[in-house]
Amino acid sequence: MSPEAQSRARWIGGLLIVALLARVFFAHSKGLVLDEFHTLFHASRDGLGAVFSGLRRDNHPPLAILMVRFSRAILGDGALALRLPAIACGMLELWLVASMARRWLGTRAVCAVALVAVSSLHLDFSTQVRMYALLSLSVTGLLQTLLSALEERGRYWRIAGWIVLGVHAHYYFFIYGGILVALTLGLIWGQEQGRQRIRDLLPSLGLGIALCLPWLIWGFTEQLGHGLSPGGKDSGWRGLAEAMLHLLTLNVRLGGGGLREVFIACSGLALTMGMIGALALIGAGEHRARGIVLATAAFGIPLVASLIATAVPRAGFTWHYVLPSLPPLALLIAQAAEAGPIRRLMSCAILLGALTLSILNLSGPGTEDFPGAVGWILDEYQEGDLVVSTEYQPSLFPLGMPWDYYASRLSDDPPEREDMDGTHMLHPERLGSTRRVFVLASRLPKGHGLIVLLEQEFALTEHVNFGFGREVYLYTRQD
């Protein structure tokens, strides 16, 4: 290995270590969000039969939940233990990006790895008890294998493995995997001995699909029929634009009035650089096929996914669904940075902006501060007060999980929350014997019956926000 390659390897190794430390710290320090409690609900069911039957009523495949269940069985249900599978997936994806970058970018490899490592979107979702880090890992692994298949003959049995992981991670893999495989086969078809090379790949593709059939037949077909709404509904041009900007800069509000615009500008610059890198590769004859695949993964698939969600609302669309587009975008930005000092300076500006926002994310409590909300109630609670914890969510999931999870961790003798009938109090008559009522509400619509009921007898004396749609209301009886 040349001294230059050794230096590059040391830089990448250092980046991976720093990225791991940042993700472990964030996973330990930030609060669980409501969607993570949904995963915990499935992962903590009694017996695998209950896990699988419960998932048939939900919108997700089983692999990420099973990984969390395994981690929980060994390490317990602390936040870091629950998030370790996501951290592992995120770090493996960074290693795959490094592998691709070192092979195809040479001296610019460090830039590509750093862009993914400092992305606040990647930081957030590689530290969540969800399936998006596993989805992104699966797509990135498939992308690496397909790019290799474009350049070399072989059967590439890894394709089967990535298909199995992806299909059992999240159904957006259908869009990413389907488009990338079809595009790659089409490009190989136009190459020398294309038909034979496609025949070499077909066994791996067939094996991957065959191994997915049991869940698709037993689980996916059932999920198609129950009509549960998707988790992400940010379709349309505005939703697409927000998703693309969020690839590198999530939670720009943390920058306040000044830095917020700077972060948005950095994301816009990143997308521009990515397009420049794509055009440069496509324009270079020997790298044309790689450029087409990377450009499709970075820009084309999010556009197609947004159009599908517009035509078929059940498909859903939001920024973390397109997290797999971050690695190809990073590779394209690093490619663009090759052409002179000005573009290298632009890539440095992108990195600095993304890094600054990630540091702001690391220094905060996360997007949904349930520990802060529960802690505030515990600090203000007086004997005889009532505590209501309710979330506006599908009836599949039990209410009050954030309170149940954090109250026992923050207090030796926490008050019991009120029993609920859906999002309403099961025993509203108890309101007559109390002076104060705390309500920990998640996404509760204005004018909800619970709020109307409370306002008939009490006055709102405190209202504190603890993240996106996470509110604590204190109602006090006026004597």
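Odds and ends about this structure:
- Helices (runs of 4 or more DSSP H) within the stretch 38-110 that include 3 or more residues among the hydroxyl-bearing types (Ser, Thr, Tyr) and not assigned by TED's automatic domain parsing to the domain that holds Tyr406: none
- If the condition is being of a type in the set (Ser, Thr, Tyr) and within 17 Å of Leu357 (Cβ to Cβ), then the stretch 256-314 contributes only Ser267.
- Any pair with Cβ under 9 angstrom, 6 or more apart, that starts in the stretch 147-163 at a residue that is assigned to a loop (DSSP other than H, G, I, E, B) and ends at one that is basic (Lys, Arg): Arg153/Arg197; Gly154/Arg197
- For Gly375: the one exception among (1) surrounded by fewer than 17 Cβ atoms within 10 Å (Cβ to Cβ); (2) free of Cβ contacts under 8 Å to residues at least 60 places away in the same chain; (3) of a type in the set (Gly, Ala, Ser): (1)
- Only one entry in Gly178, Gly141, Gly166 is in a helix (DSSP H, G or I), within 20 Å of Thr296 (Cα to Cα), in the same structural domain as Leu34 (by TED's automatic domain parsing) and without any contact (Cβ under 8 Å) to a residue 12 or more places away in the chain, namely Gly178.
- If you check Ala334, Ala407, Ala339 for being surrounded by 16 or more Cβ atoms within 10 Å (Cβ to Cβ) and touching a residue at least 40 places away in the same chain (Cβ under 8 Å), only one passes: Ala334.
- Residue under evaluation Pro402, criteria (1) under 20 Å from Leu460 (Cα atoms); (2) at pLDDT 95 or above, criterion not met: (1)
- Applying the set (1) aliphatic (A, V, I, L, M); (2) within 20 Å of the chain's Cα centre (by Cα); (3) not in a helix (DSSP H, G or I) to Ala339 leaves exactly one unmet item: (2).
- Single residue of the stretch 452-479 satisfying the filter (under 35 Å from the mean Cα position of the chain (by Cα) and crowded, with 17+ Cβ neighbours inside 10 Å) that is nearest to Thr367 (Cα to Cα): Gly467
- For Ile188, the test of being more than 20 Å from the chain's Cα centre (by Cα), within 25 Å of His320 (Cα to Cα) and part of a helix (DSSP H, G or I) is failed.
- Options Arg158, Arg130, Arg153; residue that is more than 23 Å from the chain's Cα centre (by Cα), modelled with pLDDT of 95 or more and of a type in the set (Lys, Arg): Arg158
- When residues in the stretch 129-170 are screened for being within 14 Å of Ala86 (Cα to Cα) and either aliphatic (A, V, I, L, M) or surrounded by fewer than 22 Cβ atoms within 10 Å (Cβ to Cβ) (or both), 8 of them pass.
- Every pair of residues 6+ apart whose Cβ atoms lie under 7 Å, when the first sits in the stretch 186-203 and is farther than 16 Å from Ala289 by Cα while the second is surrounded by 13 or more Cβ atoms within 10 Å (Cβ to Cβ) and of a type in the set (Val, Ile, Thr): Leu201/Ile159
- Pair list, Cβ under 8 Å, 6 or more apart: the stretch 76-103 residue polar (S, T, N, Q), other residue assigned to a helix (DSSP H, G or I): Ser99/Gln144
- Among (1) among the β-branched types (Val, Ile, Thr); (2) surrounded by fewer than 18 Cβ atoms within 10 Å (Cβ to Cβ); (3) touching a residue at least 40 places away in the same chain (Cβ under 8 Å), the one test that Thr356 misses: (2)
The values are calculated or read from the model by the stated rules, or taken from the named source; none is laboratory data. Keep in mind it's a predicted model, so treat the numbers as computed, not measured. Glycine gets a Cβ as well: all are built from the backbone with ideal geometry, and neighbour counts include every protein chain shown.
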